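S.K.: Could you have a look at this structure, given as structure tokens, before my questions?
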Amino acid sequence: MTHADSPARGDPLIRPSSTEHPLYERVVEACRTVYDPEIPVNIYDLGLVYTIDINAENDVAIDMSLTAPGCPVAGEMPGWVADAVEPLEGVRTVDVNIVWDPPWGMDRMSDEARLELGFM
């Protein structure tokens with residue numbers, strides 16, 4: 001296997017986000033208003049939001065994970081995220097998908113989240 005054939009340093013299974021879309025930063029801020037009830041850090045800084053894909057019609061598709069498959073709010077979390085993003089001006093639809101591959105790990109957390117939780 002050559003270096004070109006090996007997986008990228010990040011997670012190659014995560015689709016890229018639409019970071020250039022005008023709504024992207026507002027969607028990120030909306031995601032930051034949603035908290036995992038067991039951890040006092042928002043889901044974006046925890047690294048649970050993997051992809052924010054926004055198309056030309058302003059349909060938002062969010063791929064996210066949870067800290068563990070047995071998370072007690074697994075069934076509710078997608079609705080919380082959709083409820084936070086849908087009211088944003090310009091957003092047409094929101095579709096939130098829970099993904100388990102790649103599994104979430106603490107390495108996905110922002111420095112702010114690590115600091116808040118006492119990991120740095």
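S.K.: State yes or no: is residue 85 under 16 Å from residue 25 (Cα atoms) and either in contact (Cβ under 8 Å) with a residue 40 or more places away in the chain or touching a strand residue (DSSP E or B) at 6+ places or on another chain (Cβ under 7 Å) (or both)?
M.R.: Against the criterion (under 16 Å from residue 25 (Cα atoms) and either in contact (Cβ under 8 Å) with a residue 40 or more places away in the chain or touching a strand residue (DSSP E or B) at 6+ places or on another chain (Cβ under 7 Å) (or both)), residue 85 qualifies.
S.K.: Which count do you get for residues in the stretch 52-66 that are assigned to a loop (DSSP other than H, G, I, E, B) and acidic (Asp, Glu)?
M.R.: Number satisfying all stated conditions: 1.
Yes or no, residue by residue, for (1) over 24 Å from residue 119 (Cβ atoms); (2) at pLDDT 85 or above; (3) assigned to a loop (DSSP other than H, G, I, E, B):
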{"residue": "1", "(1), (2), (3)": "yes, no, yes"}
{"residue": "37", "(1), (2), (3)": "no, no, yes"}
{"residue": "50", "(1), (2), (3)": "no, yes, no"}
{"residue": "72", "(1), (2), (3)": "no, no, yes"}
{"residue": "91", "(1), (2), (3)": "yes, yes, yes"}
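S.K.: Follow-up. Does the stretch 93-113 contain any residue that is over 15 Å from the mean Cα position of the chain (by Cα) and assigned to a helix (DSSP H, G or I)?
M.R.: Taking every residue of the stretch 93-113 in turn, at least one turns out to be over 15 Å from the mean Cα position of the chain (by Cα) and assigned to a helix (DSSP H, G or I).
S.K.: So residue 105 passes all but one of these: (1) crowded, with 17+ Cβ neighbours inside 10 Å; (2) in contact with a Gly (Cβ under 9 Å, 6 or more places away or on another chain). Which condition number does it fail?
M.R.: Of (1) crowded, with 17+ Cβ neighbours inside 10 Å; (2) in contact with a Gly (Cβ under 9 Å, 6 or more places away or on another chain), only one is false for residue 105: (1).
S.K.: Of all residues being under 12 Å from the mean Cα position of the chain (by Cα) and farther than 14 Å from residue 28 by Cα in the stretch 63-82, which is surrounded by the most Cβ atoms within 10 Å (Cβ to Cβ)? Just the residue, please.
M.R.: Among those residues, the one meeting the criterion is 65.
The values are calculated or read from the model by the stated rules, or taken from the named source; none is laboratory data. Quick caveat, the model's predicted, so the values are computed rather than measured. Please note: Cβ atoms are built from the backbone with ideal geometry, for glycine as well, and neighbour counts cover all protein chains shown.
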